[in-house]
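Student: Please read through the structure below; I'll follow up with questions.
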Amino acid sequence: IFSKSLRLKSVGGGSNSSISSGQIMNLVSNDVEMFMLTTLFISYILWAPLQVVAITILGLYLIGPAFAYGIAILVVFFVPLQFYYSKRFAILRSKVAAITDSRMTLVSQAINGVRVMKMSG
């Protein structure tokens, strides 16, 4: 993928290049990582609601109203907290992606420099 990205006209280092090879490599690696995570967790779409219903029924049967109060506290306090932390994580992840783009650009420039040095002798 890296060698193919260097052959693209928008990446090859021309005067009108708008996308660096670091950005392309970062996008490709993020896409592959998301695909892998999706294949790992896709089964939870089916099993998670079934588990929630089964655990709620068993908890109410075995423990009683205290279990219902515990679930209510969980939903009222911890679900919004998790939404807040997930938004915060998304913001931080975008900052990390920008840093990774610049790092990948520097690495690709260093590799191109080494390639030029080897060609010139």
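The values are calculated or read from the model by the stated rules, or taken from the named source; none is laboratory data. All values reported here derive from a predicted model rather than from experimental measurement. Glycine also receives a Cβ, built like all others from the backbone with ideal geometry; neighbour counts cover every protein chain displayed. What goes into the accessible areas is simple: the full protein's heavy atoms, side chains included, and nothing from ligands, DNA or RNA. Shrake-Rupley method; radii C 1.70, N 1.55, O 1.52, S 1.80 Å.
Student: Somewhere in the stretch 91-100, is a residue part of a helix (DSSP H, G or I), modelled with pLDDT under 90 and hydroxyl-bearing (S, T, Y)?
Tutor: yes
Student: Quick check on the stretch 86-111: of everything there that is touching a residue at least 40 places away in the same chain (Cβ under 8 Å) and charged (D, E, K, R), which residue is nearest to L27 (Cα to Cα)?
Tutor: Of the stretch 86-111, the ones touching a residue at least 40 places away in the same chain (Cβ under 8 Å) are 97, 100-108.
Now drop any that are not charged (D, E, K, R), which leaves 101, 103.
Values: D101: 9, R103: 13 Å.
By that ranking, first place goes to D101.
Student: Among the residues of the stretch 40-52, is there at least one that is closer than 30 Å to M104 by Cα, without any contact (Cβ under 8 Å) to a residue 12 or more places away in the chain, open to solvent by 80 Å² or more (accessible area, probe 1.4 Å) and under 26 Å from the mean Cα position of the chain (by Cα)? Working first, answer last.
Tutor: The initial filter retains those residues of the stretch 40-52 that are closer than 30 Å to M104 by Cα, namely 40-41.
Now restrict to residues that are without any contact (Cβ under 8 Å) to a residue 12 or more places away in the chain: 40-41.
Filter again for open to solvent by 80 Å² or more (accessible area, probe 1.4 Å), leaving 40-41.
Still in the running and under 26 Å from the mean Cα position of the chain (by Cα): 40-41.
Checked the stretch 40-52: at least one residue is closer than 30 Å to M104 by Cα, without any contact (Cβ under 8 Å) to a residue 12 or more places away in the chain, open to solvent by 80 Å² or more (accessible area, probe 1.4 Å) and under 26 Å from the mean Cα position of the chain (by Cα).
Student: Still on this structure: Please state which one of Y69, Y85 is among the aromatic types (F, W, Y), open to solvent by 100 Å² or more (accessible area, probe 1.4 Å) and more than 29 Å from the chain's Cα centre (by Cα).
Tutor: Numbers: Y85 fails: more than 29 Å from the chain's Cα centre (by Cα).
The unique qualifying residue is Y69.
Student: Within the stretch 94-111, which residues are loosely packed, with under 11 Cβ neighbours inside 10 Å and either among the charged types (D, E, K, R) or at positive phi (or both)?
Tutor: K95, the sole residue that qualifies.
Student: Only one of these is in contact with a helix residue (DSSP H, G or I) (Cβ under 9 Å, 6 or more places away or on another chain) and part of a helix (DSSP H, G or I): F77, F83, F67. Name it. Explain how you work it out, then say what you get.
Tutor: Values: F77 fails: in contact with a helix residue (DSSP H, G or I) (Cβ under 9 Å, 6 or more places away or on another chain); F83 fails: in contact with a helix residue (DSSP H, G or I) (Cβ under 9 Å, 6 or more places away or on another chain).
The unique qualifying residue is F67.
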